[in-house]
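Bear in mind that the values in this text are calculations on the coordinates, not laboratory data. All figures in this text were calculated on a predicted structure; none of them were measured in a lab. Quick reminder, even Gly has a Cβ in these numbers, built from the backbone with ideal geometry, and neighbours come from all protein chains shown.
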Amino acid sequence: MLWVLFLLAAWAVAGTACTRLCLAAVRAAAVDADTGRGRELTLYEAAFLSGGPRRVADVTLVAMARQRRLLLAHTGWATVVDPRGRDEMERSVIGAIGPEGQSRIAPVRATAATAEAVRGIAEGLVSAGLAVPDSARTTVTAAVRQVRVAAVAVLGLGVAALLMPAPPDMPRHLVALWFALPLALTLSCLAVARVEIHPYSRWASPAGQRLLGGLTRTADGAADDRTYLTSVAVRGVGAIGEPDLRAAFAHRESHD
C-alpha cells in the first residue's frame, strides 16, 4: 500500500500550496469596501494603478510632448524644449534626459520610472488602500508559483504510484482517480487565481480598480486633452492617436 503514502504526500503538497494562495489573496484584497469612494485620481495615480511606474513615465512623456515642451522623434529620441518641469515627475524626466537635453526614450523611461516622485505616488496610493503593496504582490506571485509546483508534484507522485506493482484490491484506474482529486484542486486554484486574483495583484487593489473603472468610462467620452491623457494613462501608449508620437514609442518598445 505504498501508493497510499504517495497519495497522502500529494494531498499535503496540494493542500499547503492552495491554502497559502487563498490566504495571500485574502490579504491582498482585504480593503474596506468604502475605500476610495468620492476620491478622484490624478493622472499619475491612474497611470500607476493601470501600468505601474513605467506607465507613469510614459504618460509624463506624452503630456510634455503634446504641450511642445518635449520633442519625441519617431526615431526613438527625446529632446528637451522647455527645461522647466512643472511638477516632480516632469523634473524627473528632464533630469533623466540629462544635461545635454537629448537622450533615447528607453533609458529616460527606465530612469524616470525609478524616481523618488514615482515612489511617492506609490506610497500615497498604498496608504489610501488603492494600490497593492509590494509585499502583498510578491506574496501572491510566490503563492501562485507554489501551486504550480504542487500540481507538477502531484502529477509526478501519481505517475510514480501507477508505475508501482498494482495492489491486488485496488485497480489502477481507481488509484489514478484518487490522485486526480488533489490535481484537480491545484488546477482549479490556478484557474480561480487567473480570473480573480490577477486583476488585483499587479498594481491596483479592488478599490483602485473601481476608481479605474470610472476613468475608463470617462476616457470613452469627450476628446479634450485631459481625457486624451487619461486614456493613455489607463490604456497605455497604444491609445496615442498621433502617428509620429506613436512611432516614437513603438521604437522605444523595440529597444526595451
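Points to keep in mind about this one:
- Angle between the chain longest axis and helix 53-66 axis [Cα atoms, degrees, rounded to 10]: 30
- Translational diffusion of the chain, µm² s⁻¹ [Kirkwood Rh, Cα pairs; Stokes-Einstein; 37 °C; 0.692 mPa s]: 156
- The relative contact order of region 5-116, computed from alpha carbon pairs under 8 Å that lie at least 6 residues apart in sequence, is 20 percent.
- This model, with +1 at the C-beta of Lys and Arg and -1 at the C-beta of Asp and Glu, gives the chain a dipole about its Cα centre of some 260 debye.
- Positive dipole terminus of the chain, leading residue within ALA110, VAL192, PHE6 (C-beta point charges): PHE6
- Only Lys, Arg (+1) and Asp, Glu (-1) charged, at Cβ; region 39-108 dipole about Cα centre in debye: 120
- Put in order of Cβ neighbour count within 10 Å, fewest first, the listed residues THR141, THR111 become THR141, THR111.
- Part-to-part distance (alpha-carbon centres) for region 4-26 and region 100-178, which is given in Å: 16
- Taken along the Cα-to-beta-carbon direction at a fixed 7 Å, the label points for LEU163 and ARG86 span 6.7 nm.
- Segment THR141..VAL192, full-extension length gain: 17.0 nm, with 0.36 nm per residue of separation and the alpha-carbon distance subtracted.
- Calculated FRET efficiency for the pair GLU116/THR227, C-beta based, R₀ 51 Å, to 0.05: 0.95
- Ordering VAL154, LEU212, VAL140 by the projection of their Cα atoms onto the charge dipole of the chain, which places +1 on the Cβ of Lys and Arg and -1 on the Cβ of Asp and Glu, puts VAL154 at the extreme positive end.
- Extension gain, VAL152 to GLN209: 0.36 nm times the residue separation minus the Cα-Cα distance gives 17.2 nm.
- The chain: angle of helix 225-235 to the longest principal axis, Cα-based, in degrees nearest 10: 20
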